Amino acid sequence: MTDRPPVCDYEGSDYQTAFWDAGDRQYEDRVEEIALRRLLPAAGGLLLELGAGAGRNTPRYGGFERIVLLDYSRTQLQQARQRLGDSARYLYVAADIYRLPFVPGLFDAATMIRTLHHMANAPLALQQVRQTLKPGAVFILEFANKQNLKAILRYAFRRQSWNPFSLEPIEFAALNFDFHPRAVRAWLAECGFEVQQTLTVSHFRMALLKRLLPLGLLVRMDSLAQWSGRWWQLTPSVFVRAQVKGGAAPAPEGQFFRCPECGHFPLNNEEVDHLRCSSCDRRWRIRDGIYDFREAAE
Ligand SMILES: C[S@@+](CC[C@H](N)C(=O)[O-])C[C@H]1O[C@@H](n2cnc3c(N)ncnc32)[C@H](O)[C@@H]1O
C-alpha cells in the first residue's frame, strides 16, 4: 500500500532488562508515568499502544477496556505477554507502524511512547496512526526533542555541529532521530490532529543530579516543571496530547483487522492459525497468541 521505510529492529533485544530494569532509569520511568496519567483520559474503550515493546507502560492504561499492544518485534511482544498474561483485555499484534493492519476509525485512543524516534519518515507514521483513530479520539505522543538544553549548550560552545533550532530531524545514531517540537506540531496538524496539551519531561536527566539528589525529590521537581511545556520545550523528552478533529468516520460495526498489503477488509478467519485476505489472497499468521502482520505467510 505504501513504500516501506526501514524499521529499527528490536528482535531478540534485551531492551527492557538492560535499559530499564538494570539501567538506573527509575527517574525517567516515574516522570513518564506522571505525564501519561496527566494526559490520558481516565477511562475509555479500545486503546492502541504503538511500539509497545515489553509492555512497560501497558499497566498504566488501567481505565481502558481493551488494549492492543503493537510492536514490530515478536520477542518484545512475547516479553509483554509474559509480563501481562493472556487476559481478554490484551491483544498482541506484530506489525509495522507504516502498514497498520486495522480498519480506519477503529480506536478510541492511542499512545506512542519512545517510538517516534525510530521513524525515518515520521509524518508518514503519524498519518497511519491518524487513520486508525475514531473522530474525537485522543493520541498521546512522546518524542525526543532536538531543541533540548544540552544540545543548545553544546551547539553554543561548538561541541556539536548540528543546529538544535532548525526544523529537520537529526539522526544522531542509525535510525534514532530527535525532532523539533514545531515540526512535530506541524505534522500533527497536517494529518488532522489538534494539539491540546504539551508536557516537558525528564528535566533533570543528568547522571550527576541523579547521583546527588534523592529520587523522590527529582521526581517531584520534574512533576512541577512538566507544566512549563505549555510555554517552552527544552527537555530531551516531550509528551503531547492531540485529538482527532473532523474528517474521520468510525469503523464499520464489528470490523477490526484489514490486510496491511492491499487494505481489504474483512479478513477471513476460517482457519485457526491464519487470517486470509480474500482480495489479494495473502495469509497472516496467528502464532502463540500473537497476530503477525509483518510478512505474509508462504
Ligand atoms: C525504545 S522501544 C520503546 C518501548 C516502549 N514504548 C517503552 O517506552 O518502554 C521502541 C519500540 O518501538 C518498536 N518499533 C520500532 N520501529 C517500529 C515500527 N516501524 N513498527 C512497529 N514497532 C516499531 C521497537 O520494536 C521497540 O519495541
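A short reminder: the numbers here are calculations on the coordinates, not readings from a lab. Computed from a prediction, not measured in an experiment: that's the story for all the values here. Don't worry about glycine lacking a Cβ; one is built from the backbone with ideal geometry, like all the others, and counts go over all protein chains shown.
Taking the Cα of Phe165, stepping 7 Å toward and past its beta carbon, and measuring to each backbone N in region 222-237: which are under 17 Å?
Counting backbone N atoms under 17 Å from the label point, the list is 232-235.
Taking 7 Å along the Cα-to-C-beta vector as the label spot, tell me the Ser228-Glu253 distance in nanometres, rounded to one decimal.
Calculated label separation equals 5.2 nm.
What FRET efficiency do you get for Lys150 and Glu270 if R0 is 51 Å and r is their Cβ-Cβ distance, rounded to the nearest 0.05?
So, using R0 = 51 Å, E works out to roughly 0.40.
Would you mind getting me the FRET efficiency between Ala18 and Ser279? Use the beta-carbon distance for r and R0 = 35 Å, nearest 0.05.
Values: r = 42 Å, r/R0 = 1.21.
After rounding, the FRET efficiency stands at 0.25.
If you average the C-alpha positions of region 1-59 and of region 62-129 separately, how far apart do those two centres end up, in angstrom?
9
May I ask which residue of Ala94, Leu46, Gly254 lies farthest towards the positive end of the charge dipole of the chain, with charges of +1 (Lys, Arg) and -1 (Asp, Glu) on Cβ and the Cα centre as origin?
Result: Leu46.
Please report the Cα spread of region 192-288 along all three principal axes, rounded to whole Å, starting with the longest.
Its Cα atoms span 60, 37, 20 Å along the three principal axes.
Grab the DSSP H runs of the chain that are 4 residues or longer, score each as -39,500 (n - 2.57), total them, divide by all residues and round the 222 nm result to the nearest 500 deg cm²/dmol.
On the way: 7 runs with 71 residues, N = 298.
It comes out at -7000 deg cm²/dmol, rounded to the nearest 500.
Evaluate the distance, in nm, between pseudo-label points positioned 7 Å from the Cα of Met206 and of Gln26 along their respective Cα→Cβ axes.
That separation, rounded to one decimal, is 2.1 nm.
Taking the Cα of Ala297, stepping 7 Å toward and past its beta carbon, and measuring to each backbone N in region 255-285: which are under 17 Å?
Answer for this model: 257-261, 267-285.
List Val238, Val195 from most exposed to least, where exposure is judged by having the fewest other Cβ atoms within 10 Å.
Final ranking by Cβ density, sparse to dense: Val195, Val238.
Send over the Kirkwood Rh of region 15-256, from the inverse of the averaged 1/r over different Cα pairs, rounded to one decimal Å.
Working: mean 1/r = 0.0541 Å⁻¹.
The Cα-based Kirkwood calculation yields 18.5 Å.
Test of understanding: ordering Tyr92, Tyr61 by Cβ neighbours within 10 Å, fewest first, what list do you get? Walk me through the numbers on the way to the answer.
Values: Tyr92 25, Tyr61 20.
Sorted ascending by nearby Cβ count, the order is Tyr61, Tyr92.
Fewest Cβ neighbours within 10 Å first, please rank Thr235, Thr17 accordingly.
Details: Thr235 26, Thr17 12.
In order of increasing Cβ crowding within 10 Å: Thr17, Thr235.
Have a look at Arg38, Arg211, Arg258 and tell me which one the Gaussian network model of the chain (Cα, springs below 10 Å) gives the largest fluctuation.
Arg211
Starting from 0.36 nm per residue, how many nanometres of slack lie between Phe172 and Ile286 once their C-alpha separation is accounted for? Show your work: numbers first, answer last.
Values: separation 114, 0.36 × 114 = 41.04 nm, distance 3.61 nm.
Result for the pair: 37.4 nm of gain on full extension.
Check the cysteines of the chain one by one and keep only those with no other cysteine Cβ under 4.7 Å from their own.
By the Cβ distance rule, which asks for a partner under 4.7 Å, the isolated cysteines are Cys8, Cys191.
In debye to the nearest 20, how big a dipole does region 15-256 give about its Cα centre with +1 on each Lys and Arg Cβ and -1 on each Asp and Glu Cβ? Before the final figure, lay out the partial values.
On the way: 29 positive and 20 negative charges, 137 e Å.
Once rounded to the nearest 20, the dipole reads 660 debye.
Quick one: which of 75-85, 49-59 comes out on top by average Cβ neighbours within 10 Å, and what's the full order, highest first? Write out the running numbers ahead of the final one.
Working: 75-85: 17.7, 49-59: 22.8.
Ranked by mean Cβ neighbours within 10 Å, highest first: 49-59, 75-85.
Would you mind pulling out the separation of the Cα centroids of region 156-196 and region 228-298, in Å?
Taking the Cα centre of region 228-298 as reference, the centre of region 156-196 is 26 Å away.
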